[in-house]
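Structure first, commentary second.
Every read-out reported here was derived from the displayed coordinates using simple, explicitly stated rules and does not represent laboratory data. No experiment lies behind these values; they were computed from the predicted model shown. All Cβ positions, glycine included, derive from the backbone under ideal geometry; neighbour counts span all protein chains shown.
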There are 2 protein chains.
Amino acid sequence: MQICDLPLEEYEKKIVEFHGSMAPGLIIGGFMVDLIVKNLPKDRFYDVICESMKCLPDAIQLLTPCSIGNGWLKIVKIGRFAMTFFDKETGDGLRAYLDTEKIKKYPAVNEWFFKLTPKHEQDADKLFETIRAAGAEIISLQKVKVDTSITRKKKGSKIAVCAKCNESYPGTESGNLCKVCSGAVIYYT
Amino acid sequence: MQICDLPLEEYEKKIVEFHGSMAPGLIIGGFMVDLIVKNLPKDRFYDVICESMKCLPDAIQLLTPCSIGNGWLKIVKIGRFAMTFFDKETGDGLRAYLDTEKIKKYPAVNEWFFKLTPKHEQDADKLFETIRAAGAEIISLQKVKVDTSITRKKKGSKIAVCAKCNESYPGTESGNLCKVCSGAVIYYT
């Protein structure tokens, strides 16, 4: 079994190395990326929007050139188990999502996904086997048109130096203080 | 020269593989991670908050066990070139930031960072050489106490199925619709 031209075992090794553990969501995420890539024209570049913070971003980062730091992967916090690959010029995209009808055919996956069984009562081996056997059978695809205005990079933004902390921050913001010194964001003291 | 026990050349190879190109910000980010790790007690686990979406998250993902998908790396959109490693139990943390005073000693880095020279007029080789030579000399450290309430995982949240799209979404949200079907987030049609 291959995931984006990678033997499944190789992909699973990469999961443990990068993500720290064998996460069921990352294997399903791999099947999602693979299914989308197979259904997209080969001669274009795509950006990706991920609808969840959990697991899926790592599947995308492991299997595509898109990462958080290079900006080709963006996360829109919706909390659905879904991702969209799209052409950033035209907005034409393909969205993959976990199909809650299809997943019913695989009780072990359904129970894990909907947290119907406490974690310590789950049979991990059976869960992974079922996920591998299900493959892309629990995923559906949808053609979408992405609003590229919300994902486009703002070009030419200047860099300012905060009058209080003396650190750099995006000069497009109003005032002469960064978000921490203006009190807009507080995460530490 | 070593970055987190990795020869600099090895780290630079990983940058190209994961990030798609040799980004100056990722090399500086590597020196930041290295400096923080050297100054933290060895026997604890740390979560990371990154203050920028650009480049830095990939340095953290390449050099630490923390990734976006496993939740140990979080991004707080402040836009400062900075990151904080912290103990998620106590909130004790160490923050590294690009020091806008120290960077002045390295004009090639200063010009690139503040976009003082148009990209096509920059001497990339000189920039990379200067960044390597500067190493951690352009970074400062700050002890901080992180507000762990904003980074703590919400445990036991149930998963709901949206009444409209039939997809799963966090059941902690009000109403019986996901953020897309309720109109709270619109990124595609």
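The table that follows gives values for the structure above.
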{"item": "Where chymotrypsin sites (Phe, Trp or Tyr not before Pro) in DSSP loops with at most 16 other Cβ within 10 Å are excluded, longest remaining stretch of chain A", "result": "A:115-189"}
{"item": "Between 0 and 90°, nearest 10: helix A:124-134 axis offset from chain A longest Cα axis", "result": "90 degrees"}
{"item": "Alpha-carbon centroids, region A:119-142 and region B:124-165: separation in whole Å", "result": "31 Å"}
{"item": "Rounded Å value of the spacing that divides the Cα centres of region B:54-107 and region A:1-79", "result": "23 Å"}
{"item": "Zone residues, region B:1-17, relative to B:Asp43, backbone N less than 18 Å from point 7 Å out along Cα-to-Cβ", "result": "none"}
{"item": "Contact order relative to length of region A:2-150, as percent, for alpha carbon pairs under 8 angstrom and 6 or more apart", "result": "23 percent"}
{"item": "Gaussian network model of chain A, Cα within-10 Å springs - most flexible of A:Asp123, A:Asp147, A:Asp92", "result": "A:Asp123"}
{"item": "Region B:21-79 - charge dipole about Cα centre, Lys and Arg +1 at Cβ, Asp and Glu -1, debye rounded to 20", "result": "60 debye"}
{"item": "Potential lengthening between B:Ala133 and B:Leu8 on full extension [0.36 nm per residue; Cα-Cα distance subtracted]", "result": "43.8 nm"}
{"item": "Shortest-first distances to equivalent copies, position A:Leu116, nm, label 7 Å out along Cβ", "result": "6.4"}
{"item": "Percent RCO, i.e. relative contact order, over region A:108-189, from Cα pairs under 8 Å lying at least 6 residues apart", "result": "15 percent"}
{"item": "Whether the protein assembly as shown is rounded, prolate or oblate, judged on the alpha carbon gyration tensor where a/c under 1.5 counts as rounded", "result": "prolate"}
{"item": "Residue closest to axis [chain A; rotation mapping onto B; Cβ; Å]", "result": "A:Ile68, 3"}
{"item": "Entries in B:Lys14/B:Lys104; B:Lys54/B:Lys115; A:Lys38/A:Lys143 that, when Cα-Cα distance is taken, lie over 22 Å", "result": "B:Lys14/B:Lys104"}
{"item": "Mean residue ellipticity (222 nm) of chain A, computed from DSSP H runs ≥ 4 via -39,500 (n - 2.57), nearest 500", "result": "-8500 deg cm²/dmol"}
{"item": "Near-label residues of region A:37-64 by backbone N, under 19 Å of a point 7 Å along Cα→Cβ of A:Thr90", "result": "A:37-49"}
{"item": "Gyration tensor (alpha-carbon) shape descriptor, region B:28-100, a/c threshold 1.5", "result": "rounded"}
{"item": "Ranked A:Asp58, A:Asp5, criterion: other C-beta atoms within 10 Å, fewest first", "result": "A:Asp5, A:Asp58"}
{"item": "Residue among B:Thr148, B:Ile131, B:Tyr46 farthest towards the positive dipole end of region B:2-150, charges placed on Cβ", "result": "B:Thr148"}
{"item": "Test item: Cα-centred dipole of the protein assembly as shown, Lys/Arg +1 and Asp/Glu -1 on Cβ, debye", "result": "1360 debye"}
{"item": "Angle between chain A longest axis and helix A:24-38 axis [Cα atoms, degrees, rounded to 10]", "result": "80 degrees"}
{"item": "Label spacing, shortest first and in nm, from B:Leu8 to its equivalents in the remaining copies (7 angstrom along Cα→Cβ)", "result": "4.4"}
{"item": "Estimated distance in nm for a label pair at B:Thr172 and B:Ser140, the labels positioned 7 Å out from Cα along Cα-to-Cβ", "result": "3.6 nm"}
{"item": "Gaussian network model of chain A, Cα within-10 Å springs - most flexible of A:Ile36, A:Ile159, A:Ile27", "result": "A:Ile159"}
{"item": "Within a Gaussian network of chain A (alpha carbon springs, distance under 10 Å), most fluctuating of A:Pro65, A:Pro107, A:Pro24", "result": "A:Pro107"}
{"item": "Net dipole in debye of region A:2-150 [+1 Lys, Arg Cβ; -1 Asp, Glu Cβ; about Cα centre; nearest 20]", "result": "400 debye"}
{"item": "Nearest 10 degrees, 0 to 90: helix B:8-19 Cα axis against chain B principal axis", "result": "40 degrees"}
{"item": "Nm distances between copies for B:Ile159, ranked from closest, using label points 7 Å along Cα→Cβ", "result": "4.1"}
